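Heads up, the thing below is written out as structure tokens.
The values are calculated or read from the model by the stated rules, or taken from the named source; none is laboratory data. Since the model is a prediction, treat every value here as computed from it, not as a measurement. Here the Cβ is made from the backbone with ideal geometry for all residues, glycine too, and neighbour counts use every protein chain on show.
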Amino acid sequence: MAAPTTDPPARSDATTDPAGRTPASSRRRAWAMFGARALGAVGGGLLLYLSFPPRTLWWLALPSFALLAVVLHGRRARAGFGYGFLFGMGFLLPLLVWIGALVGSVPWVALAVFESLFLGLTGAGMALVLRSGAGRLPGAPFWAAAVWIAGEALRGRVPFGGFPWGRVGFGQADGPLLPIAAIGGEPLLSFVTVLAGLALGELARRRATGERRRALAVPAALVVASLVSGPLSALVPATGRTGDTVTIAAVQGNVPRLGLDFNAQRRAVLDNHVRVTEQLAADVAAGRRPQPDLVIWPENSSDIDPLRNADAAAQINRAARAVAAPILIGAVLRNPDGLTTSNSSLVWQAGVGVVERNDKRRIQPFGEYIPWREFFRFFSPYVDRAGYFVPGPGPGAVDMGGARVGIAICWEVAFDDLVADSVDAGAQVLAVPSNNATFGLTEMTYQQQAMSRVRSVEHDRTSIIATTSGVSATIDPDGTVTANTQQFTPDVLVDRTVLRDTTTLATRLRSVPEWVLTALGVTAIITAVVIRRRVGTESRAREDEDG
């Protein structure tokens, strides 16, 4: 008797089933199997969470998806949705706990539940592809991994511009598969990771059920091919040339205290960054530090609009004059309408002021603005603390200190197209100014740093992360973190950076690998449904003939 999907087994008037079990014992066994699968789904999601930074347990992603493959095998789409949802909750609830530090537990849990619905849809599609019997597609783990990428593509775009946090590839910054990002970006890195896990689960299931040795060949080959693809990808060089070397300083001024209250002390944050920059200038004068060609301050380093506040402008100008280099300022600017604000990166030159400006191109829903504000006010009092930010124009790159600097402000680094646009606009180095102070001592800053490591490999660029409170970091084009700060301490990172005009295959292809994999996943689902229906029709026809 087959185990149930998500519903309890149907009642029966028979005293025993063909296997000799009573209806009561059959129901108990069915519930036990359901419980085991549900536990496996949640456990698989938890393993995926544990594979993410700040831990370096990247390999846990493989048993995570191996468990999911075993759980989904032989299940219908409805059950696949339920198990996919449970997998999502096991993964996203602990991964996104930092949301609670910002707005409380109710929005945190609500976001995890909502995003898990996308993983439920993904699980339903994967279950269709992984079903056993005559309707099963050959090489099913491959097609199921493509379905996963289709789910990530959807989740990263809707609603409100999407929420790409927690894509599988972002958890692989410490693993041997990372070089794949230079071939097909984060989507291909995710795909190979998921494929390796699903194939491992298929291999383990076939061995456990005693299938013939020949039946183990395909999943075993998929596992091996997945694991060797990372080192092989590292052999594919970027094309183009490297340029001059510049010295870049990232300033972490720190904030007066943890949490949202720092916004009430905007002047203190600005003063901190001015003071740390002046200390950098003193160290340069004393020969303790090299002279920087450019300086990067974090997002929100000047929440006081320096274009409207002469005192704030004087402070910034004092710092730029002292360090004798242009400074990239993270500023909050009030727009001419008097109602909205822009999250901007300003290139400030001593004695001149702003010489270039780049606004944040994709603002954060429920953080920088609230969609449907009146509706969501019923759920959280923090709604009215969110801003009225609007996205701004800009190519995502500015010229300063002899370098073309690509800018991804905070969570913009999670979006493939924004970083690719910066590189297309000529970025020779990537800057990620961020403000993580509102999230306290949570794992958020480490998760975001891993994204920058993937981007460095994807586009063969050095990344410079400057945050108000940490963790700031310098990252080589191979994804290696060469230096980093501690959280909630003032500090400066100075890095000799080689400017690059190189292009990787991922840079040239942009979103093509993701769209190809998404198309394969959707096609696999449709094919599985068509084949299953045809097999069912043929089976019923044979039964009618026999009858």
Residues that are crowded, with 20+ Cβ neighbours inside 10 Å and among the acidic types (Asp, Glu), drawn from region 272-289:
none
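Return the total of residues in region 162-178 being of a type outside the set (D, E, K, R) and in a loop (DSSP other than H, G, I, E, B). Steps first, answer last, please.
The initial filter retains those residues of region 162-178 that are of a type outside the set (D, E, K, R), namely 162-166, 168-173, 175-178.
Checking the rest, the ones that are also in a loop (DSSP other than H, G, I, E, B) come to 162-166, 172-173, 175-177.
Going through region 162-178 one residue at a time, the tally reaches 10.
Quick check on this structure: which one of Asp305, Asp337 is touching a strand residue (DSSP E or B) at 6+ places or on another chain (Cβ under 7 Å), over 26 Å from Pro164 (Cα atoms) and part of a loop (DSSP other than H, G, I, E, B)? Quick ask: steps written out before the conclusion?
Values: Asp337 fails: touching a strand residue (DSSP E or B) at 6+ places or on another chain (Cβ under 7 Å).
Among Asp305, Asp337, only Asp305 is touching a strand residue (DSSP E or B) at 6+ places or on another chain (Cβ under 7 Å), over 26 Å from Pro164 (Cα atoms) and part of a loop (DSSP other than H, G, I, E, B).
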So Val158 clears everything in (1) crowded, with 19+ Cβ neighbours inside 10 Å; (2) more than 22 Å from Leu200 (Cβ to Cβ) except one condition, right? Which one?
(1)
Against the condition at pLDDT 95 or above, under 27 Å from the mean Cα position of the chain (by Cα), of a type in the set (A, V, I, L, M, F, W, C) and over 30 Å from Arg288 (Cα atoms), how does Leu505 come out, does it pass?
yes
Quick check on my filter: what residues within region 290-302 are surrounded by fewer than 23 Cβ atoms within 10 Å (Cβ to Cβ) and in contact with a helix residue (DSSP H, G or I) (Cβ under 6 Å, 6 or more places away or on another chain)?
Gln291
Looking at Phe65, is it under 22 Å from Glu443 (Cα atoms) and under 29 Å from the mean Cα position of the chain (by Cα)?
no
Failed criterion for Ala66 (all others in (1) at pLDDT below 95; (2) surrounded by 20 or more Cβ atoms within 10 Å (Cβ to Cβ); (3) over 28 Å from Arg533 (Cβ atoms) hold):
(1)
If Glu368 satisfies all but one of (1) in contact (Cβ under 8 Å) with a residue 12 or more places away in the chain; (2) of a type in the set (D, E, K, R); (3) in contact with a helix residue (DSSP H, G or I) (Cβ under 6 Å, 6 or more places away or on another chain), what's the number of the condition it fails?
(3)
Just the residues that are among the small types (Gly, Ala, Ser) and either outside any loop (DSSP other than H, G, I, E, B) or without any contact (Cβ under 8 Å) to a residue 12 or more places away in the chain (or both), please, taken from region 390-409.
Ala397, Ala403, Gly406
If we ask which residues in region 145-183 are within 13 Å of Thr518 (Cβ to Cβ) and in contact with a Leu (Cβ under 6 Å, 6 or more places away or on another chain), their number turns out to be 3
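Taking the conditions exactly as written (modelled with pLDDT of 95 or more, of a type outside the set (Gly, Ala, Ser) and outside any strand (DSSP E or B)), does Glu412 satisfy them or not?
Judged against the criteria, Glu412 is a match.
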Just to verify a result, which residue in region 440-460, among those that are modelled with pLDDT under 95 and under 22 Å from Leu57 (Cβ atoms), is farthest from the chain's Cα centre (by Cα)?
Leu441
Residues of region 22-54 that turn out to be of a type in the set (Gly, Ala, Ser) and within 20 Å of the chain's Cα centre (by Cα), as a count
3
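Is it the case that some residue within region 39-52 is modelled with pLDDT of 95 or more and in a loop (DSSP other than H, G, I, E, B)?
Our first condition is that a residue be modelled with pLDDT of 95 or more; within region 39-52, this holds for 39-52.
The next check asks that each one be in a loop (DSSP other than H, G, I, E, B); those that pass are 51-52.
Yes, region 39-52 contains a residue that is modelled with pLDDT of 95 or more and in a loop (DSSP other than H, G, I, E, B).
Can you list the helices (runs of 4 or more DSSP H) lying wholly within region 428-547 that have 3 or more residues being buried (at least 16 other Cβ atoms within 10 Å of the Cβ) and not aliphatic (A, V, I, L, M)?
Numbers: elements: 444-459, 505-509, 512-546.
Those helices (runs of 4 or more DSSP H) span 444-459, 512-546.
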Of the numbered conditions (1) at pLDDT 95 or above; (2) more than 21 Å from Asp244 (Cα to Cα), Ser463 satisfies every one except a single condition; which is it?
(2)
